[in-house]
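Shown next, in structure tokens, is the structure this report addresses.
The values are calculated or read from the model by the stated rules, or taken from the named source; none is laboratory data. Model, not experiment: these values are computed from the prediction. Cβ placement follows ideal geometry from the backbone for every residue including glycine, while neighbour counts extend to all protein chains displayed. Side chains are part of the model used for accessible areas, which takes the heavy atoms of the whole protein and leaves out ligands, DNA and RNA. Shrake-Rupley method; radii C 1.70, N 1.55, O 1.52, S 1.80 Å.
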Amino acid sequence: MIHPIDRARAIERFEAIPRLALGHYPTPVEKLPRLRDALGGGPRLWMKRDDYTGPGCGGNKVRKLEYVLAAAQADGADAVITCGGVRSNHCRATAMMAARLGMHCVLVQNQPAKPYPHLPASLAIEQMSGAQIVPVYDRTERAPTMERIARELRTQGRHPAIVPLGASTPQGALGFVSAASELAAQLDARQLRIDAVFFSSSSGGTHAGLAAGKELFLNPAMRLIGVSPDDPSESIAATVRGILQGIAIRLGAEMDAEIEVLDDYIGEGYGIESEAGREALQLLARTEGILLDPVYTAKAMAALIGWIRKGILDKDANVLFWHTGGQMALFHA
Ligand SMILES: Cc1ncc(COP(=O)(O)O)c(C=O)c1O
């Protein structure tokens with residue numbers, strides 16, 4: 001646990017870091033009583049609605065990009081280059097936030113093995129935003145392609161910034177340090193203690209930011225349970241630890257949290273709907289009128305539902321599900 005003096009100093013450093021004010025905060029914390037009833041009781045359930053963060057149809061990327069793009073602009077960047085798949089929430093959010101800031105945007109996008117029969121909504125939105133889309137056919141081509149485009153833009157007199165996958169750098173993860181501070185204020189105002197938080201964890205920025213933010217602002221006993229939509233637990237946990245160390249260096253405090261990632265709700269693989277995920281998506285829509293996404297949040301919610309059904313969570317606990325957005329994956333143009 002972090003020493004109170006180190007904590008105060010880390011908070012001071014954190015608050016001095018520039019951030020763009022593009023999102024809509026605080027995102028609501030809502031109770032899920034009908035979901036709880038449908039599950040036959042169990043812990044009291046809450047949801048943090050980061051599907052309402054705003055730009056580019058919301059989601060967790062907005063918080064990260066507010067820090068990453070602030071740093072890029074401070075370095076004089078007038079163009080942003082990033083990467084992802086053709087349904088990437090990160091690419092969509094980057095394209096729309098870059099448009100809002102008047103920055104040129106280039107998206108290096110992996111093409112699916114089998115082309116989608118329709119234009120994915122995220123890609124349609126990116127095209128609308130005027131982002132330039134550069135296809136690649138293998139994940140290993142992403143980084144060198146981004147570097148090549150950066151060189152080309154420089155020869156044209158532009159000042160490009162490269163944003164790595166998911167904006168999951170220590171800088172981007174600061175968005176979730178700030179989200180933890182936002183949640184702490186909401187919990188204080190309601191006199192509410194949350195015992196566990198479930199969320200989708202993939203490129204690690206959300207998880208690392210929450211872990212650091214918990215050290216600074218939240219109840220140290222609160223359990224953070226990341227749910228993988230793709231990679232094995234250990235590989236995601238290692239990435240999260242690396243980003244957390246980067247945050248610790250920036251804030252000048254030691255942070256060595258236990259990182260918990262579940263990988264038994266992936267199903268057949270990344271982006272492939274799972275049976276449990278489909279059930280979770282339908283249950284949330286029918287009980288609470290809340291839309292999840294099939295790639296990330298439905299699988300994370302399936303984990304929470306699974307744990308409730310197995311009786312793993314204490315019946316007296318308060319459990320919060322962090323909705324990280326992504327619903328555009330349900331739609332096509
Ligand atoms: C909707 C959604 N939820 C969760 C995640 C996972 O967040 P992170 O990459 O910060 O681990 C992503 C990442 O792409 C996402 O798009």
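Taking interchain pairs and intrachain pairs at least six residues apart, which have beta carbon atoms under 6 angstrom, with the first residue in segment 302-324 and assigned by TED's automatic domain parsing to the domain that holds residue 48 and the second in a loop (DSSP other than H, G, I, E, B) and of a type in the set (D, E, K, R)?
Listed by first residue and then by second, the contacts come to 317/195; 318/195.
Among the residues of segment 112-119, is any surrounded by 21 or more Cβ atoms within 10 Å (Cβ to Cβ) and either at pLDDT below 95 or not in a strand (DSSP E or B) (or both)?
No: segment 112-119 contains no residue that is surrounded by 21 or more Cβ atoms within 10 Å (Cβ to Cβ) and either at pLDDT below 95 or not in a strand (DSSP E or B) (or both).
If you scan segment 314-329, which residues turn out to be open to solvent by 20 Å² or more (accessible area, probe 1.4 Å) and not charged (D, E, K, R)?
327, 328
Taking segment 40-57 as the region of interest, how many residues are assigned to a strand (DSSP E or B) and either away from the ligand (no atom under 13 Å from the Cβ) or crowded, with 24+ Cβ neighbours inside 10 Å (or both)?
Summing the residues that are assigned to a strand (DSSP E or B) and either away from the ligand (no atom under 13 Å from the Cβ) or crowded, with 24+ Cβ neighbours inside 10 Å (or both) in segment 40-57 gives 4.
Can you pull out every residue in segment 154-170 that is out of contact with any Leu (no Cβ under 9 Å at 6 or more places or on another chain) and either within 19 Å of residue 58 (Cα to Cα) or surrounded by fewer than 20 Cβ atoms within 10 Å (Cβ to Cβ) (or both)?
Once the filter is applied, which keeps residues that are out of contact with any Leu (no Cβ under 9 Å at 6 or more places or on another chain) and either within 19 Å of residue 58 (Cα to Cα) or surrounded by fewer than 20 Cβ atoms within 10 Å (Cβ to Cβ) (or both), segment 154-170 yields 154, 155, 156, 157, 158, 162, 164, 165, 166, 168.
What tally of residues in segment 58-97 results from selecting those that are within 11 Å of the ligand (Cβ to nearest atom) and open to solvent by 10 Å² or more (accessible area, probe 1.4 Å)?
Total satisfying the criteria: 6.
Looking at residue 11 and the list (1) farther than 22 Å from residue 216 by Cβ; (2) part of a helix (DSSP H, G or I), which single condition is not satisfied?
(1) is the only condition that residue 11 fails.
Can you say whether residue 280 is in the same structural domain as residue 302 (by TED's automatic domain parsing), within 12 Å of the ligand (Cβ to nearest atom), open to solvent by less than 10 Å² (accessible area, probe 1.4 Å) and assigned to a helix (DSSP H, G or I), as far as the supplied structure shows?
Judged against the criteria, residue 280 is not a match.
Hey, any hits in segment 250-273 for a residue that's part of a helix (DSSP H, G or I) and either open to solvent by less than 20 Å² (accessible area, probe 1.4 Å) or within 15 Å of the ligand (Cβ to nearest atom) (or both)?
Yes, segment 250-273 has at least one match.
So residue 229 clears everything in (1) in contact with a Lys or Arg (Cβ under 7 Å, 6 or more places away or on another chain); (2) in a helix (DSSP H, G or I) except one condition, right? Which one?
(2)
Give segment 295-333 a look and list any residue that's of a type in the set (A, V, I, L, M, F, W, C) and in a loop (DSSP other than H, G, I, E, B), or say none.
Those that are of a type in the set (A, V, I, L, M, F, W, C) and in a loop (DSSP other than H, G, I, E, B): 295, 312, 313, 317, 331, 333.
Of 291, 304, which residue is open to solvent by 30 Å² or more (accessible area, probe 1.4 Å) and either of a type outside the set (Lys, Arg) or in contact with a helix residue (DSSP H, G or I) (Cβ under 9 Å, 6 or more places away or on another chain) (or both)?
Answer to the check: 291.
Considering only residues of segment 6-27 that are hydrophobic (A, V, I, L, M, F, W, C) and in contact (Cβ under 8 Å) with a residue 12 or more places away in the chain, which is nearest to residue 255 (Cα to Cα)?
10
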